[in-house]
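Asks: Structure provided below as structure tokens; questions to follow.
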Amino acid sequence: MEEKTVVILGVTGSIGTQTVDVISTIGGFRIVGVSFGKNVDFANRIVSAFRIPYYHGNGTLEFGSKLGSIEELLEKTKPDIVVCAIPGIEGVKAAFESLKYTKRLALATKEALVCAGPFFKRMVREKGVELIPVDSEHSAIFQLIEESVEKIVLTASGGAIRDVPKDQIRGLGPREILRHPTWRMGHRITVDSATMVNKLFEVIEAHELFDISYSDIHVMINPSSFIHGIVYLKDGTVKIHAGLPDMRVPIAYALTYPERRYTGRIPEVRDFDMRLIDIEKDRYPIFDYGLKYVVNDLARRVALNAADEVAIEAFLAGRISFGELIDTILYVVDNVSSEIRDLDEVFYVDLIARNLAKEALARIERRVPK
């Protein structure tokens, strides 16, 4: 069988490194290019170990040829599959570039659909690219969905604050928030799990991916993360996608679809945790606010992502508390209003929201009231 070529954008992150692991396990794929950010030493080990011919990143590596941009990397390699795993607004740009040069986009950068869903989907159709979600929940729905769907359920872990007394939540710091109860992920997405910004993004992503109305997308907490998604059909049938929390499974499926070639750990009966718990609105105020005021407003979706990026950076640096992170995000989103008509305006609103977030953080750090 002829090997398929793969480019991994964001190779040193959680999804990127697990993609490398999956490819080394299942075979049949050849990594022809990668991009990375600050983690140069780790990138060097990956590029050298897998003899990857091209890369784009901040440093010069011992092996491979350095290219000046992600677009140049993609144009040079023209891979069968791109795994886009760059978070944030930079990932949006990378996802759009990927559509020009690949046949299949394995999308882990949910911001492409959150911040630019209408424009992104239009380009997917125009270029004829096969779009496969990598998020565990969306991979689950992708595998279950059919025409007669009535509603879907996305599950959440509840993040690190799920069992914390409510009066203690606001004062938490990075050490506590980064203790995710079920998944091992990057820092930003782990914080986003605690605020449930990540789940709000996933609701938007599900709406954009599957053309399901927001009123038919529900979210429940499954404490063990054993259930990944549920689809209710019009005849009363309920289809449940479940399995142990392992991101290598949806990554492998995005690479090998429609086949299943990855071998994972088979759950035992004691692993079958089917509990579904309602979300406490006052525990996750951004999630509740977002369902009401953000999901149908593209500018606020962009502002949410921008404020989230900026505020999390300050939080992880120890400059603000968890409660102040929440306050900053809500303040920014509540004060951004714009009509977005094209992709350029997405990036313009992103810049406005970032500046607003930085101003809000400066006030917090000086402890000056608005």
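Rule-based calculations on the coordinates, nothing more; no lab input. Predicted model only: the values in this text are computed from it and were never measured. Neighbour counts are summed over all protein chains in view; Cβ atoms, including those assigned to glycine, are modelled from backbone coordinates with ideal geometry.
Asks: Could you give the radius of gyration (one decimal) and Dmax (whole number) of the Cα atoms in the range 127-238, in Å?
Replies: Calculated on Cα positions, Rg and Dmax stand at 15.5, 51 Å.
Asks: Taking the alpha-carbon centroid of each part, what is the distance from the range 116-139 to the range 57-87 in angstrom?
Replies: Their Cα centres are 21 Å away from one another.
Asks: Roughly how many nanometres apart are two label points built 7 Å out from the Cα toward the Cβ at LYS292 and SER69?
Replies: 4.3 nm
Asks: Something else about it: Give me the Kirkwood hydrodynamic radius of the chain, using the inverse of the mean 1/r over all pairs of distinct Cα atoms, in Å to one decimal.
Replies: Hydrodynamic radius (Kirkwood, Cα pairs) of the chain is 21.1 Å.
Asks: If you don't mind, there's one more thing I want to ask. DSSP beta bridges in the chain, what fraction antiparallel, as a percent rounded to 5?
Replies: 30 percent
Asks: Please give the length that would be gained between GLU259 and SER24 if that part of the chain were fully extended, namely 0.36 nm times their separation in residues minus their C-alpha to C-alpha distance (nm, one decimal).
Replies: So the chain would gain 82.9 nm between GLU259 and SER24.
Asks: Take LEU244, project a point 7 Å from its Cα along the Cβ direction, then tell me which residues of the range 261-285 have their backbone nitrogen under 12 Å from it.
Replies: 263-272
Asks: Okay, next question. How would the range 219-272 be classified by its alpha-carbon gyration tensor: rounded, prolate or oblate, with rounded meaning a/c under 1.5 and the a/b versus b/c comparison settling the rest?
Replies: Working: a/c = 1.98, a/b = 1.25, b/c = 1.58.
Oblate shape, in that a/c is at least 1.5 and b/c is the bigger or equal ratio.
Asks: Can you list, bin by bin at 5 Å, the percent of alpha carbon pairs in the range 297-370, starting at 0?
Replies: All Cα pairs, binned at 5 Å, distribute as 3, 19, 30, 22, 14, 8, 4, 1 percent.
Asks: Using Cβ counts within 10 Å as a stand-in for footprinting exposure, how do THR155, THR190 rank, fewest first? It would help to have the intermediate numbers written out before the result.
Replies: Values: THR155 28, THR190 22.
Sorted ascending by nearby Cβ count, the order is THR190, THR155.
Asks: So which GluC sites (Glu not before Pro) in the range 261-313 are both in a DSSP loop and have at most 16 other Cβ atoms within 10 Å of their Cβ?
Replies: GLU268, GLU280
Asks: Would you mind classifying the range 146-201 by shape? Square roots of the alpha carbon gyration tensor eigenvalues, ordered a ≥ b ≥ c; an a/c under 1.5 is rounded, otherwise it is prolate if a/b is larger than b/c and oblate if not.
Replies: In terms of gyration-tensor shape, prolate.
Asks: Sticking with this structure for a sec: What whole number of Å gives the distance from the Cα centroid of the range 238-297 to the Cα centroid of the range 323-350?
Replies: With the range 323-350 and the range 238-297 each reduced to a Cα centre, they are spaced 27 Å.
Asks: Given bins 5 angstrom wide, list per bin the percent of all Cα-Cα distances in the range 4-134, short to long.
Replies: Cα pair-distance distribution for the range 4-134, in percent: 2, 12, 24, 26, 20, 11, 4, 1, 0.
Asks: How much length, in nm to one decimal, is gained on full extension between TYR214 and ASP344, taken as 0.36 nm per residue of separation minus their Cα-Cα distance?
Replies: 44.2 nm
Asks: Please go through the residue pairs LYS127/LYS239; LYS78/LYS199; LYS38/LYS127; LYS38/LYS358; LYS38/LYS292; LYS151/LYS292 and name each one whose alpha carbons sit more than 30 Å apart in this structure.
Replies: Over 30 Å apart, Cα to Cα: LYS127/LYS239; LYS78/LYS199; LYS38/LYS127; LYS38/LYS292.
Asks: So for the pair LYS358, PHE42, with labels modelled 7 Å out along Cα→Cβ, what separation do we get in nm?
Replies: Reported label-point gap for LYS358 and PHE42 is 2.6 nm.
Asks: With runs of 4+ DSSP H residues as the only contributors, calculate the mean residue ellipticity of the chain at 222 nm using -39,500 (n - 2.57) per run, divided by the residue total and rounded to the nearest 500.
Replies: About -14500 deg cm²/dmol.
Asks: Evaluate the charge dipole of the chain about its Cα centre and quote only its size in Debye, nearest 20, assuming +1 on the Cβ of each Lys and Arg and -1 on the Cβ of each Asp and Glu.
Replies: Taking the Cα centre of the chain as origin, the dipole is about 700 debye.
Asks: Right, next: Explain nothing, just the number: dipole magnitude of the range 4-134 about its Cα centre with +1 on each Lys and Arg Cβ and -1 on each Asp and Glu Cβ, in debye rounded to the nearest 20.
Replies: 320 debye
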